[in-house]
Amino acid sequence: MEAHLHFMKDRFLGLTTERPLIISGPCSAESEEQVVSTAKALAALKRVHVLRAGVWKPRTRPSAFEGMGRPALAWLRAAQEATGLPTAVEVANSRHVEQALAAGISILWVGARTTANPFAVQEIADALKDTDVPILVKNPVNPDLELWIGALERINKAGVTRLGAIHRGFSTFERTRYRNKPNWEIPIELKRRVPGLPLICDPSHICGSTELLQAVSQTALDLNYDGLMIEAHIRPAEALSDAKQQLTPADLGTMLSHLVFRHESIDDVLTRTKLVELREKIDKIDRDILEIMADRMSVAEDIGHYKKDNNITILQSDRWDEIVHNRMKVGLEKNLTAAFVQKLFEIIHKESIYHQSRVMNIASSVEEAPAQSVEESAR
Ligand code: PEP
Ligand code: MN
């Protein structure tokens, strides 16, 4: 179905002409000192355009820190007065909208859990009628582009034209290296369906740690995103929420200075998206290979226990010949080369014997030099 959106085509919401738009600040506003000192350090980088901070925090479990609420809005105002940076907070209901607007907050965003709930989005949209504040809509927690577009449409119908989208990744049961899987094809499809809609990447909530932030930010820029929203805290280790993923302002400065801004055609972007998708697939397959190897070694250890209890020798050459013969046959059927299958199973076998011998307590010499001693004992 067509997406019906009428919005301001300025990619940076009229906030800057510099590319990309950078929104940064703590996950949560915790104290006036924390908000103001973080804001000052961010403003000093001269590369941050908007100060973010959560005031009402949607937490998974009720015992977690749920934000400082309304009093924290005044801290954001104080930070804005001290630095000149416009401010942004998350809103999840009409009361939040009213309080944030009354406190003079410059930009509002709808969080991922809220975007997934059309009743909540409609309530926010109704509270926004006749206002002119820019609204950013995060993707819903589930990988559903229609739900994301639906939320943008609801808010747009209320008359909000300074509209943008934030890609923060999607929840998944799969074990991935991300906190929220990026599924880059979804925001790219949003870009195709709603051309010109400002698109911002939130690598902090995609990554869940600071480790991959730069790589994910670079991918977003390579895919022609308009901005980044990155969490930064003056003392990340002390943060009351999302401590692991927040950078110090100084580290944010270093990271931004290492990002490469490319100017690309849409064709380049599409090719790159394909490449990103294929690399994600390879990453997943490699993780699966390691999982399967770990399972195989744990079975080898069970065999070790069995052999130990029954006094059976570790190496039985008939069994090894059978393995090589059989795996080679299957490998060739699957278009793998004989040399590869042979080497692969030699290495796997070596590692299995190592695990077995550890279990059987005959490993003192093996543990020191697993490669040689196991290799020899296997021949
Ligand atoms: C946040 O920005 O701190 C936040 C709660 O994000 P999300 O809605 O993406 O989980
Ligand atoms: Mn957060």
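No lab work stands behind these numbers, since they all come straight from the coordinates. Just so you know, these numbers come straight off a predicted model, no measurement behind them. Cβ coordinates were reconstructed from backbone atoms using ideal geometry, including for glycine residues, and neighbour counts include every protein chain displayed.
Here the Karplus curve 6.51 cos²θ - 1.76 cosθ + 1.60, taken at θ = phi - 60°, turns the phi angles of segment 207-219 into couplings of 7, x, 8, 7, 4, 9, 3, 5, 5, 5, 4, 5, 4 Hz, with x standing for Gly and Pro. Bridgeable aspartates and glutamates around K46 (alpha carbons under 12 Å apart, same-chain partners fewer than 8 residues away excluded): E18.
Across segment 63-68, rounded Karplus estimates of 3J(HN,Hα) from the backbone phi angles (6.51 cos²θ - 1.76 cosθ + 1.60, θ = phi - 60°) give 7, 6, 4, 9, x, 8 Hz, Gly and Pro being marked x. Largest mean-square fluctuation among R168, R95, R77, in a Gaussian network model of the chain whose springs join Cα atoms under 10 Å apart, belongs to R95. With an a/c value under 1.5 for the gyration tensor axes a ≥ b ≥ c computed over the alpha-carbon atoms, segment 9-258 is described as rounded.
Here the calculated FRET efficiency for E33 and V133, from their Cβ-Cβ distance with R0 = 41 Å, stands at 0.90, rounded to the nearest 0.05. P249: net charge of surrounding residues, Cβ under 14 Å, Lys/Arg +1, Asp/Glu -1, itself excluded? Summing Lys and Arg as +1 and Asp and Glu as -1 gives +3. Shape analysis of segment 71-168 places it in the prolate category; the axes a ≥ b ≥ c from the Cα gyration tensor give an a/c of at least 1.5, with a/b above b/c.
Once you've got the GNM for the chain with C-alpha springs shorter than 10 Å, pick whichever of H233, H258, H167 has the biggest mean-square fluctuation. Taking springs between Cα atoms under 10 Å, the residue moving most is H258. Annotation: amide H-H contacts under 5 Å for V137 (H modelled 1.01 Å from N, sequence separation of 5 or more, or interchain): V110, G164, A165, I166.
For K307, a cut-off of 20 angstrom between C-alpha atoms picks up these lysines, skipping any fewer than 8 places away in its own chain: K350.
Please order D144, D126 by the number of other Cβ within 10 Å, starting at the fewest.
Fewest-to-most Cβ neighbours within 10 Å comes out as D126, D144.
Among K181/K343; K284/K329; K157/K281; K284/K308; K40/K129, which pairs are too far apart, with a Cα-Cα distance over 29 Å? Over 29 Å apart, Cα to Cα: K181/K343; K157/K281; K284/K308; K40/K129. Restricting the count to DSSP beta bridges whose residues both fall in the chain, what percent are antiparallel, rounded to a multiple of 5? So the antiparallel bridges in the chain amount to around 5 percent.
In order along segment 94-104, the Karplus-derived 3J(HN,Hα) couplings, from 6.51 cos²θ - 1.76 cosθ + 1.60 at θ = phi - 60°, round to 5, 4, 4, 4, 4, 5, 5, 5, 4, 7, x Hz, and Gly and Pro are given as x.
Using the Cα centre of the chain as the reference point, and only Cβ charges (+1 on K/R, -1 on D/E), how large is the resulting charge dipole? Debye, rounded to the nearest 20. Don't jump to the answer; show the numbers that get you there.
Values: 47 positive and 51 negative charges, 118 e Å.
It works out to roughly 560 debye.
For segment 1-117, the average shadow cast by the Cα convex hull is 8.8 nm², which is a quarter of the hull's surface. Spread over its residues, the convex hull of the C-alpha atoms of segment 269-377 is 125 Å³ per residue. What separates the Cα centres of segment 327-351 and segment 21-92 is a distance of 56 Å.
Between F340 and T313, the FRET efficiency from the beta-carbon distance, with R0 = 41 Å, is close to 0.90. Ranked for footprinting exposure by Cβ neighbours inside 10 Å, fewest first, E2, E90 give E2, E90. Just checking the listed ones, R192, R279, R319: in the Gaussian network model of the chain with Cα springs under 10 Å, the one fluctuating most is R319. Sorted fewest first by neighbouring Cβ atoms within 10 angstrom, M68, M297, M1 come out as M1, M297, M68.
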